[in-house]
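A short worksheet on the structure shown next.
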Amino acid sequence: MNNKWLWLVLLFFAQACVNLNVYEKTEVVQGASWPKNKIFRFEYLSNDTITPKNVNIDLRHNDLYPYNNIYLFVTTIAPDGKRLTDTVEFTLADNKGKWTGSGIGNICDLSLIFRENVRFGQLGKYVFYIQHGMRESTLKNITDVGIRIENAK
């Protein structure tokens, strides 16, 4: 009988510790210098067409980043080959210049909502391409770019 209670307690704690992230990957921007022609590629294998997901773009920059925003071109390719390209703007600092993310020292981490409560309607591989859409040919002081897909709460 005690063994059953122990297993029940362990199962409860295991459920409480379940990570809601379905996919997470981050790429380093070499030298904190992101050329416009550098396009980051992320592959997500969807095995669930029912559970809604949130898609976040994770960025890390240092405090020398000269703008309060960033424009990104995000292309999503579904398993059937359909392609959708979005131009998105994310605010990185408030109107007083205070960074909106968190971090230590001169590094700022942000998780930016790209899509909320989406259902990946097809089983298979989705590919995400992320390219900066700023006017500079090389965007300085962005150190990492990533994507995180998690179950919507």
Open item on the list: For the list (1) closer than 17 Å to ILE142 by Cβ; (2) under 19 Å from the mean Cα position of the chain (by Cα); (3) of a type in the set (S, T, N, Q), I need the number of the one condition that ASN37 fails.
Closed with: (2)
- [ ] Considering (1) modelled with pLDDT under 95; (2) surrounded by 15 or more Cβ atoms within 10 Å (Cβ to Cβ); (3) part of a strand (DSSP E or B), say which one ILE113 fails and leave the rest.
- [x] (2)
Open item on the list: Which pairs turn up if I take residues in region 63-81 that are outside any strand (DSSP E or B) and look for partners that are among the polar types (S, T, N, Q) and loosely packed, with under 14 Cβ neighbours inside 10 Å with beta carbon separation below 8 Å, at least 6 apart in sequence or on another chain?
Closed with: ASP63/ASN106; LEU64/ASN106; ASN68/THR91; ASN68/ASN95; ALA78/GLN122; PRO79/GLN122; ASP80/GLN122
Task: Test: PHE120 is assigned to a loop (DSSP other than H, G, I, E, B), buried (at least 16 other Cβ atoms within 10 Å of the Cβ), touching a residue at least 24 places away in the same chain (Cβ under 8 Å) and of a type in the set (A, V, I, L, M, F, W, C) - done: yes
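Specify the residue that is farthest from LYS98 (Cα to Cα); the eligible residues are those in region 32-62 that are outside any strand (DSSP E or B) and in contact with a strand residue (DSSP E or B) (Cβ under 6 Å, 6 or more places away or on another chain).
Within region 32-62, the subset outside any strand (DSSP E or B) is 32, 36-39, 47-52.
Of the ones still in play, those that are also in contact with a strand residue (DSSP E or B) (Cβ under 6 Å, 6 or more places away or on another chain) are 32, 39, 51-52.
Values: ALA32: 20, ILE39: 28, THR51: 36, PRO52: 33 Å.
Top of the filtered list is THR51.
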TODO: Could you pull out the residue among THR87, THR91 that is more than 14 Å from the chain's Cα centre (by Cα) and either surrounded by 11 or more Cβ atoms within 10 Å (Cβ to Cβ) or in contact (Cβ under 8 Å) with a residue 60 or more places away in the chain (or both)?
DONE: THR91
Task: Scan of region 96-110 for residues that are assigned to a loop (DSSP other than H, G, I, E, B) and either under 22 Å from LYS25 (Cα atoms) or without any contact (Cβ under 8 Å) to a residue 24 or more places away in the chain (or both), ordered by number - done: LYS96, LYS98, THR100, GLY101, GLY103, ILE104, GLY105
- [ ] Just need a number here: residues in region 50-72 that are farther than 30 Å from GLY105 by Cβ and surrounded by fewer than 20 Cβ atoms within 10 Å (Cβ to Cβ).
- [x] 3
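The values are calculated or read from the model by the stated rules, or taken from the named source; none is laboratory data. Nothing here was measured: the structure is a model prediction, and the numbers come from that model. Don't worry about glycine lacking a Cβ; one is built from the backbone with ideal geometry, like all the others, and counts go over all protein chains shown.
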